[in-house]
Structure formats: structure tokens, C-alpha cells
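Here's the structure we're looking at; comments come further down.
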Amino acid sequence: MTTSKRSATRKRFTARTADKYELYQLAVQSAEHDVKLAARIFKKLRGREALSMREDFCGTAQLSAEWVKLGAQHTADGYDLDPEPLAWGREHNLAPLGEAAQRVTLHQGDVREASKRKHDLRLAQNFSWWVFKDRPTLLDYCKRVRKDLATDGMFLMDIYGGLEAPEEMVEKRPIDAGFTYLWEQALYLPGSAEYRCHISFKFKDGTQLKRAFTYEWRLWT
């Protein structure tokens, strides 16, 4: 999993006071690193700077917010079905950007929807594309992405695997901000590759946010 992100300020997190989206960003995401890596890969392979980016399964749109920090010409579109993290992202990730927030557009909709413009880069991070559980559906998504890209556009996805990936287990990891992140691989069915995972958070006062996030995926290999 992604290494922990250090918090600029120290908080005393408890189950009663903690915000699950803030905890997720601290424990799971490394948005600044990810967008710089994506920009670097694009420039190396395409010989020019990527300016427009679309973030699929964007959630709180942290990647989109970081993308527009790269320069005044950088723009981003984020797509997600869930209105709750989109609203949280507008308040906590976009509003602090000031005028730069105008270069981010968030869309509540299916990631298979066509863009209103062609993008240089398209990102599908944190394994969220695993919601597509069969090959025809996943292939359809990939074909739609390719058709939607700029002429020399690029699509970047991530994946994880290894011997422990199909095991039913719980991984615990302390986070610098002052809590423990728990990744639970709760169910794996080898015949269908059905995969159910949860994220929980444990705090120093002994309280927990149990199964704050649940994922019903296919474990793609």
C-alpha cells in the first residue's frame, strides 16, 4: 500500500471527531507525488508537457487539486458517482486553492461518460477500476478512455498484487498524523475473483472508525 503522508499539523484524532475523508487522504493517498510522477512519465514518453488531466473515480478530487498547482495552464476534470466525497473535496481540496480552483471541474457521473474535451492525461488510481468485474466491461471502459483522449494522450492506472493479495487478512500501519490504518482483505473467492475489502482507522484513545470504507471489487491479476 502507499506509504503514509505526513500531516502538517498534529491533531488528536478520535472516532467521534475524526473525518474519514481526511484520514483516507493522510493514510492512502500521495497526491503530490502521484501527479508529478504522471507528468514526468508523460513528458518522457510524449516529449511535451501535459496540461489537461481527467481523474476517474476522483472521490475528494485530491489529485485534481494537486494537478492544477503544477502551473497556471494546468486544468483538471474529476468524475465520480458519489456526491458526498465530491462535496467534501470542493470544500477541503478546491476552496483552499483560491482562483486556481476555477481550473478544476467536478462531474457527478459514470467514468464511462465521454469528456466534454480531449485530455492529455487520464488517471484511474487506487485500484478503483476494479469495480469492473468482468473482461467485457473493463475492455469497454478502456476503449471509451482511448477514444476520449487527445491524439497523443496517455492513460495511467495502478494495480497491486503479490502472494498476499488474495489472502483474507488485516494489515495494520501506523500513520505519522497519529492514528493506525487498517486494511482488511475480508473475502476472496478464487472461482470468480470476487474481492471484498475494508478500511478502518484506530486511534490512540482506543476508539475506532470500523469499516469506514468498503470495496466490492474483482481482484485483477
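The values are calculated or read from the model by the stated rules, or taken from the named source; none is laboratory data. Being a predicted model, the structure only gives us computed values, none of them experimental. So basically every Cβ, Gly included, is an ideal-geometry build from the backbone, and we count neighbours across all protein chains shown. Keep in mind that these areas ignore ligands, DNA and RNA; they rest on the heavy atoms of the full protein, side chains included. Shrake-Rupley method; radii C 1.70, N 1.55, O 1.52, S 1.80 Å.
Once the Cβ-Cβ distance between K43 and Q108 is put in as r, and R0 is 45 Å, what FRET efficiency do you end up with, to the nearest 0.05?
0.90
What list of ³J(HN,Hα) values in whole Hz, one per residue of the range 139-154 in order, does the Karplus curve 6.51 cos²θ - 1.76 cosθ + 1.60 (θ = phi - 60°) give from phi, with Gly and Pro shown as x?
So the J values, rounded to whole Hz, are 5, 4, 4, 5, 5, 5, 4, 4, 5, 8, 6, 4, 3, 10, x, 9.
Would you kindly compute the Cα radius of gyration of the range 35-127 and its largest Cα-Cα separation (Dmax), both in Å?
Over the range 35-127's Cα set, Rg and Dmax evaluate to 12.5, 38 Å.
For Kirkwood radius over Cα pairs in Å, one of [x] 18.4; [y] 20.0; [z] 21.0 was computed from the structure I shared and the rest are decoys. Which label?
The value matching this structure is [x].
May I ask you to compute the full-extension gain from E216 to T180, defined as 0.36 nm times their residue separation minus their alpha-carbon distance, rounded to one decimal in nm?
10.7 nm
Taking all protein chains in place and a 1.4 Å probe, what share, in percent, of the accessible surface of the range 7-147 do carbon and sulfur account for?
50
Of the beta bridges DSSP finds with both residues in the chain, what % are antiparallel, to the nearest 5?
55
Can you pull out the GluC sites (Glu not before Pro) in the range 144-186 whose DSSP state is coil and whose Cβ has at most 12 other Cβ atoms within 10 Å?
E164, E167, E168
Among A165, A31, A101, determine the one that fluctuates most according to a GNM of the chain built with springs between C-alpha atoms less than 10 Å apart.
Taking springs between Cα atoms under 10 Å, the residue moving most is A165.
Could you tell me which of W217, L63, G162 has its Cα farthest along the dipole of the chain towards the positive end, charges placed at Cβ (Lys, Arg +1; Asp, Glu -1), taken about the Cα centre?
L63
Taking amide H positions as placed 1.01 Å from N in the peptide plane, with prolines and chain starts having none, which residues 5 or more places from F179, or on another chain, fall under 5 Å of its amide H?
So F179 has HN proximity to no qualifying residue.
Name the residue farthest towards the positive end of the dipole of the chain from the options V104, V131, I41, assuming +1 on Cβ of Lys and Arg, -1 on Cβ of Asp and Glu, about the Cα centre.
I41
Give the distance, in whole Å, between the Cα centre of the range 204-219 and the Cα centre of the range 25-96.
Spelled out, the Cα-based centre of one part sits 24 Å from the other.
What residues from the range 193-221 fall in the zone where the backbone N is under 18 Å from a label point 7 Å along the Cα-to-C-beta line of R12?
Answer for this model: 202-209.
So, how do all the Cα-to-Cα distances of the range 94-219 break down into 10 Å bins, in percent, from 0 on up?
10, 30, 30, 25, 5, 0
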